[in-house]
Amino acid sequence: MSDHNYVPESKVGKWFNDRLPLLSLGAHLREYPTPKNLNYWWTFGGILTFCLITQIVTGIVLAMHYVAHADLAFESVEKIMRDVNYGWLIRYIHSNGASMFFLAVYIHIFRSLFYGSYKSPRELIWIIGMIIYILMMAAAFMGYVLPWGQMSFWGATVITNLFSAIPLVGESIVTWLWGGYSVDNPTLNRFFSLHYLIPFLILGLVVLHIWALHVPGNNNPVGIDIKKPSKDTVPFHPYITVKDIFALLMFMIIFAGFVFFSPNVLGHSDNYIPANPMVTPAHIVPEWYLLPFYAILRSVPDKLGGVLLMFGALFVLIILPWLDTSKIRSAVFRPLYRQFFWILVIDVLALGYLGAMPAEGTYLFLARVSTVYYFLHFLVILPVLGFLEKTDPLPASISEPVLTGGLSTSAAKSDDIK
Amino acid sequence: MTLNRLIKLTLSILFVVLFSSKSFAAGSNIENLKVDWSFAGITGKFDRSSLQRGYQVYKEVCASCHSMQYLSFRNLGEKGGPEFSEEEVKAIAAGYEVNDGPNSDGEMFTRPGRASDKFVKPYPNVNAAMAANGGAYPPDLSVIVKARSGGANYIYSLLMGYEEKPADFVLDEGVYYNKYMEGNKIKMPAPLSDDLIEYSDGTKASLDQLSKDVTTFLTWAAEPHLEARHRTGTKVIIYLILLATLVYFSMKKIWLRVDSEK
């Protein structure tokens, strides 16, 4: 962050900046040298920031009207939908916003996987990102409980019950989480409290995520180190800001499409039935963004094994920078990895689909195959591939084509995931 | 690159499967009847007279067992709903006796309903409702259209779906056969039939008409701001597209400085 010597022009500005260098920070953010070849897959960082702020702002407004009580929560949500001015809009933005947030984060994560953005020197950016992702899942899960519909109640029951798989202390932990002997009013209260807290933890981690990013600078589609600033970079403002805003507007059009024309398609209709501890829904399914993990969980016949494997699926992501032994970042120059990447995408989508299906027969079998492949990808294929793969020659810089070999950067570009 | 192509093909197939899977997951063993609702689509609006007739069906038929606890009489006069006039709403509300109190003597009392009152429930509590209906609780209808997968089409199908049971199908006492109900068993006897009520606007009250009208009414009840949502949404998306177009050309112009350097 010491890549500039900014001096404010005004006296007041200089006085202020000498005491708290916020203006220097602003100048740094404006001038921050960014690779000029970033494609649209790199716009999701900005989109995710927008999603977080949107969730926080709409969430604060919803909390002004929501009542966190088992007897009143469902009714208070209906009151928001009917009687609060534009309450329907705020709630639909918030509930669909969660899905949009995950859509964007999955694209962001897979972009990182494709272009090797998690590799040295960006391991910490990746790990902070993974912690954000885990916190997002926690926040989304607890948020889904708040309307106190049937899926809220039973989803909470199923997920919290997972902890009972822990030997010896499992049952006590579950009782402690619930604040009683079943999911009930105390559970709802603490989930509301935590649901309000977690977004601010995420916000703090986002600052760290960006801070850690600004030390080495952005990775880029070619994946090579570049000199900064140089012919290969552009200042963040206006070049990247305008591109991010354009991409954000495209994203907002899709977002608005859901909010205004299909606000309930991503939710489950059972959640419009008030929670009833005496009636279990036919199929308890989590929200779509948790389905791959749900499929992994259910593919193991043993409860503890399933829980461990599910957390293992997250753990292999956290240690990914050390599982991938290849020094080449971008999949553009890794002909084999490129194909395994797409197989992984299919595998995760398949897990998501199977997570929504009943865990029986062919579905269960396919879920098991997909689960095994998921771990195979990270624990076997990636480590081995780094040694076996013959990678294509890298260009000397992102402005210059490769001097030897067949692949030029433009050819490489046309083959990236755009 | 053939493998790559194959992978991308698989991906697109998977996407199609994923998005069409919702209908599979619906759980019903038969496809719902499809109605060309006036409120469907991005410019969809409710048919005002259908909403008013639908309320009449609810009031004269459904309301004897089903509550609509999140609705107030005033909603019937609000924009985007049945839009009864203020006098009509007052008259509808006044037709009900509402429990109120305690008064200054500490006594509960009843008074004629006001527009600000909630719809009056047919039973004082869930247990009373169950006791009066053979152990089955007639669900509250405020959000029923959103609480059933298949939405309006499902509710309409259910109302139309009462048939003679197949010969080998076993039904207990007080259980009825319905083509569209999960498991085909329903505790609600066929609620609607041709000319069950007389519409105040003179429309012929066929089973189909009654079912369509009451489903339209229930859809509005579940989503009272649907029209405002559609209207605002159209404006928002037009605005976003215009803004995106402007930003796109600004972006092209700004990036020209970089792209021309090559």
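The values are calculated or read from the model by the stated rules, or taken from the named source; none is laboratory data. All values derive from a computational prediction rather than experimental measurement. Don't worry about glycine lacking a Cβ; one is built from the backbone with ideal geometry, like all the others, and counts go over all protein chains shown.
Per-structure values
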{"read-out": "Boolean, A:Leu314 is within 23 Å of the chain's Cα centre (by Cα), among the aliphatic types (A, V, I, L, M), under 21 Å from A:Glu287 (Cα atoms) and within 12 Å of chain B (Cβ to nearest Cβ)", "value": "no"}
{"read-out": "Test result for A:Ser193, in a helix (DSSP H, G or I) and loosely packed, with under 15 Cβ neighbours inside 10 Å", "value": "yes"}
{"read-out": "Residues that are modelled with pLDDT of 95 or more, within 20 Å of A:Glu78 (Cα to Cα) and not charged (D, E, K, R), drawn from the range B:109-142", "value": "B:Ala115, B:Ser116, B:Phe119, B:Val120, B:Pro138, B:Pro139, B:Leu141, B:Ser142"}
{"read-out": "Checking B:Met68 against (1) more than 13 Å from every other protein chain (Cβ to nearest Cβ); (2) crowded, with 16+ Cβ neighbours inside 10 Å, the condition it does not meet", "value": "(1)"}
{"read-out": "Members of the range B:213-236 found to be free of Cβ contacts under 8 Å to residues at least 24 places away in the same chain and within 17 Å of A:Arg91 (Cα to Cα), listed by number", "value": "B:Arg229, B:Thr232, B:Val236"}
{"read-out": "Number of the condition not met by A:Leu309 [criteria: (1) within 30 Å of A:Tyr86 (Cα to Cα); (2) away from every other protein chain (no Cβ under 14 Å)]", "value": "(1)"}
{"read-out": "Which listed residue is of a type in the set (Asp, Glu), over 24 Å from the mean Cα position of the chain (by Cα) and within 14 Å of chain B (Cβ to nearest Cβ), from A:Asp302, A:Asp244, A:Asp270", "value": "A:Asp270"}
{"read-out": "Unique match (being touching a residue at least 60 places away in the same chain (Cβ under 8 Å) and outside any helix (DSSP H, G or I)) among A:Leu38, A:Leu52", "value": "A:Leu38"}
{"read-out": "Number of the exception - A:Leu188 against (1) assigned to a helix (DSSP H, G or I); (2) surrounded by fewer than 21 Cβ atoms within 10 Å (Cβ to Cβ); (3) away from chain B (no Cβ under 13 Å); (4) of a type outside the set (Ser, Thr, Tyr)", "value": "(2)"}
{"read-out": "Per-region count, the range A:147-158, residues surrounded by fewer than 21 Cβ atoms within 10 Å (Cβ to Cβ), of a type outside the set (Ser, Thr, Tyr) and within 30 Å of A:Met64 (Cβ to Cβ)", "value": "0"}
{"read-out": "Residue in the range A:317-356 that is nearest to A:Ser117 (Cα to Cα), counting only those that are among the β-branched types (Val, Ile, Thr) and within 7 Å of chain B (Cβ to nearest Cβ)", "value": "A:Val345"}
{"read-out": "Restricting the range B:236-253 to residues that are among the aromatic types (Phe, Trp, Tyr) and more than 7 Å from chain A (Cβ to nearest Cβ), the residue that is surrounded by the most Cβ atoms within 10 Å (Cβ to Cβ)", "value": "B:Tyr239"}
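A quick yes/no check of all residues on (1) touching a Gly at 6+ places or on another chain (Cβ under 6 Å); (2) within 14 Å of chain B (Cβ to nearest Cβ); (3) over 30 Å from A:Val67 (Cα atoms):
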{"position": "A:Leu162", "(1), (2), (3)": "no, no, no"}
{"position": "A:Ile166", "(1), (2), (3)": "no, no, yes"}
{"position": "A:Phe200", "(1), (2), (3)": "no, no, no"}
{"position": "A:Val207", "(1), (2), (3)": "no, no, yes"}
{"position": "A:Gly223", "(1), (2), (3)": "yes, no, yes"}
{"position": "A:Leu249", "(1), (2), (3)": "no, yes, yes"}
